[in-house]
Amino acid sequence: MLDFVRPGGARTPRGRLLSIAALLIGSLVIPASRLDGAAGASLLHQRGASHDLSASVSAESLHRAASGRVRDFYEAVGWRAVWDDASRAALEAALADRSRHGLDLVSFLDRAGEPRGAAEDELAYTEAALRYGDALARGIVDPATLHQIYTLPRVEVDVAAGLAAAIARGDLREWLAALAPRDEEYMRLSRAYLDFRAERQDARPPRIGEGIIRVGGSDSRVPIIVDQLIDDEYLDAPTTPTGAVPESVPVSTLYTREIAEAVERLQRDYGIAADGVVGPNTLAVLNLGPGDRARAIAVALERRRWLQRTAPATRIDVNTAASRLYYYRDGKMIDSRRVIVGKPGTETPALQSPIYRLVANPTWTVPKSIQRGELAHVGRAYLRRHNMTLRNGWIVQGPGPGNALGLVKFDMHNGHAIYLHDTSAPALFARSQRHRSHGCVRVEDALGFARLLAQDQGVEAEWQAAQAGGQQRFVALATPIPVRLLYQNVFIDLQGDLAFRTDPYGWNAPIAKALGFPDRREARVRSDEIDIAP
């Protein structure tokens with residue numbers, strides 16, 4: 001459980017930091033109204049006898065050396081040194097275990113082991129604890145600095161107050177561990193990260209060169225591909241009649257149907273067209289080493305630290321990296337289906353907003369960006385063919401099966417004109433690469449999904465009547481359903497397996513850099529097809 005969360009995400013005033021800390025100590029049963037900063041500071045004073053290495057740290061030296069949030073921390077605790085041998089050891093042990101969070105390449109206690117004065121040493125531990133607490137609770141990176149639109153709710157926790165209380169209680173390591181997500185998916189990603197980091201980074205076959213390989217062809221790269229497929233458990237290793245793995249097997253350069261089927265399994269895991277053909281996208285995946293996968297998992301762990309720890313029990317999650325929708329009711333997933341999401345340049349943003357009504361037979365007012373772009377040079381004949389008219393300078397498409405929004409729109413409350421909807425081109429859902437929209441989310445069998453929501457909301461009769469009319473009509477949901485648009489290219493799939501996708505928007509790189517990973521080129525989605533739907 002996270003400490004010191006206030007309603008509305010408000011920060012606790014500095015003068016109250018230790019007052020709140022005192023409330024968490026079981027031995028103190030004092031009404032909150034009677035606590036002040038001095039009460040909390042006295043708790044640390046009671047532990048002062050054990051501050052063996054910090055006894056020589058004076059308030060004056062802390063005043064002189066502290067700055068920023070560290071200065072605020074010491075002002076709140078009455079300018080007393082807080083680190084003793086036990087709390088130092090607890091922090092060092094926690095930092096030594098940071099690899100389980102994908103933070104092993106980030107330095108927190110920068111000057112550990114260097115000669116320094118007692119006050120500087122005291123401040124270094126405080127700064128390290130505050131930074132590490134922030135990293136576990138909210139992540140190393142602020143997503144608002146990476147994305148123009150990011151409205152997913154984040155954790156609000158006063159790390160400084162929590163740190164003071166944890167030191168006073170003597171459970172610093174346990175408190176730090178509780179700041180990170182504790183759900184099963186985070187734990188599984190953590191274990192996978194440790195596994196990939198443990199592999200020898202030079203254990204992969206040499207890089208596989210470019211060029212198409214199809215079934216029946218002979219190619220010198222086939223043995224390398226086979227070795228990699230075996231390493232990644234897409235292909236079984238050859239065995240003798242006794243079940244033992246032979247010391248050597250004949251090397252064949254023939255690309256067989258069996259190898260292609262293993263490649264198809266890999267392609268499905270990475271969201272590539274599962275045709276068994278080894279092309280550029282498949283080679284980009286085959287050339288991934290354990291370090292590349294560890295990097296992707298570390299980024300996935302970081303993104304999960306950005307999120308609130310408890311998601312709405314009834315919600316719709318859209319994984320834009322995997323082009324997949326998941327519908328949860330009362331904490332249980334009851335539906336999953338394919339979606340089409342934004343292409344590079346018009347990416348579907350990371351946001352949360354609710355569906356508040358269903359729109360039967362929607363009209364579509366074409367955004368000016370599309371009107372001035374893809375539709376800039378169309379004439380009246382084109383508009384007539386597509387049931388479009390000009391109204392006060394705007395192109396409006398009438399309702400019907402040819403409408404770009406299809407036969408249902410899921411209206412959402414947000415200021416970015418992002419919503420879910422049907423489509424007049426359902427064949428596109430059969431594609432493995434479904435990043436092609438202008439930012440909105442097209443839902444596979446949207447009418448079936450709308451019917452499911454209407455049933456759950458008790459408005460099925462109203463929805464059926466609205467559909468039958470043929471004109472645009474609105475059906476309000478009894479309870480708005482939160483929608484989270486998430487970007488997760490490493491996740492646990494419907495079969496419970498660890499699944500990887502490429503980084504279609506190229507959003508991983510700045511996060512990986514902040515986590516200490518070297519730059520690398522990644523396969524990204526390319527969509528040059530014209531598509532005028534939202």
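The values are calculated or read from the model by the stated rules, or taken from the named source; none is laboratory data. From a predicted model like this one, the values you see are computed outputs, not experimental measurements. Every residue, glycine among them, receives a Cβ derived from its backbone with ideal geometry; neighbour counts consider all protein chains shown. For the accessible areas, the whole protein counts, side chains as well, though only heavy atoms, and no ligand, DNA or RNA atoms are used. Shrake-Rupley method; radii C 1.70, N 1.55, O 1.52, S 1.80 Å.
Below, the figures for the structure above:
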{"read-out": "Exposure ranking of 479, 253 by accessible area [1.4 Å probe, largest first]", "value": "479, 253"}
{"read-out": "Cα gyration tensor shape for region 92-202, rounded if a/c is under 1.5, else prolate or oblate", "value": "oblate"}
{"read-out": "Inter-probe distance in nm under a simple model that places probes 7 Å from Cα toward Cβ, at residue 356 and residue 144", "value": "2.3 nm"}
{"read-out": "Heavy atoms of residue 123 accessible to a 1.4 Å probe, total area in Å² rounded to 10", "value": "20 Å²"}
{"read-out": "For region 283-325, size of Cβ-based charge dipole, Lys and Arg +1, Asp and Glu -1, in debye", "value": "160 debye"}
{"read-out": "Residue 329 versus residue 392: modelled label distance in nm, points set 7 Å from Cα along the beta carbon direction", "value": "4.0 nm"}
{"read-out": "Accessible area of region 82-190 belonging to carbon and sulfur atoms, whole % at 1.4 Å probe", "value": "47 percent"}
{"read-out": "Accessible area in the full protein assembly, largest first, 1.4 Å probe, for 343, 332", "value": "332, 343"}
{"read-out": "Percent accessible area from carbon and sulfur atoms, region 244-366, protein chains only, probe 1.4 Å", "value": "49 percent"}
{"read-out": "Surface accessible to a 1.4 Å probe, residue 419 within the full protein complex, Å²", "value": "30 Å²"}
{"read-out": "Around residue 215: net Lys/Arg minus Asp/Glu count, Cβ-Cβ under 12 Å", "value": "-3"}
{"read-out": "Rough spin-label spacing in nm, given labels placed 7 Å along Cα→Cβ, for residue 99 and residue 460", "value": "5.4 nm"}
{"read-out": "Largest-first ordering by accessible area, 1.4 Å probe, given options 151, 346", "value": "151, 346"}
{"read-out": "Computed FRET value (nearest 0.05) for residue 56 with residue 92, which takes r as the C-beta separation and R₀ as 25 Å", "value": "0.75"}
{"read-out": "Surface accessible to a 1.4 Å probe, residue 474 within the full protein complex, Å²", "value": "110 Å²"}
{"read-out": "Average Cα contact separation per residue, region 117-218, under 8 Å, 6 or more apart, as relative contact order %", "value": "26 percent"}
{"read-out": "Extension gain, residue 479 back to residue 207 (0.36 nm per residue minus Cα-Cα distance, nm)", "value": "92.6 nm"}
{"read-out": "Calculated from backbone phi, Karplus (6.51, -1.76, 1.60) coupling profile of region 311-316 in Hz, x at Gly/Pro", "value": "7, x, 4, 10, 6, 10"}
{"read-out": "Förster-model FRET efficiency, 60 Å R0, residue 385 and residue 118, C-beta, rounded to 0.05", "value": "0.15"}
{"read-out": "Cα shape, region 293-431, gyration tensor, a/c 1.5 rule", "value": "prolate"}
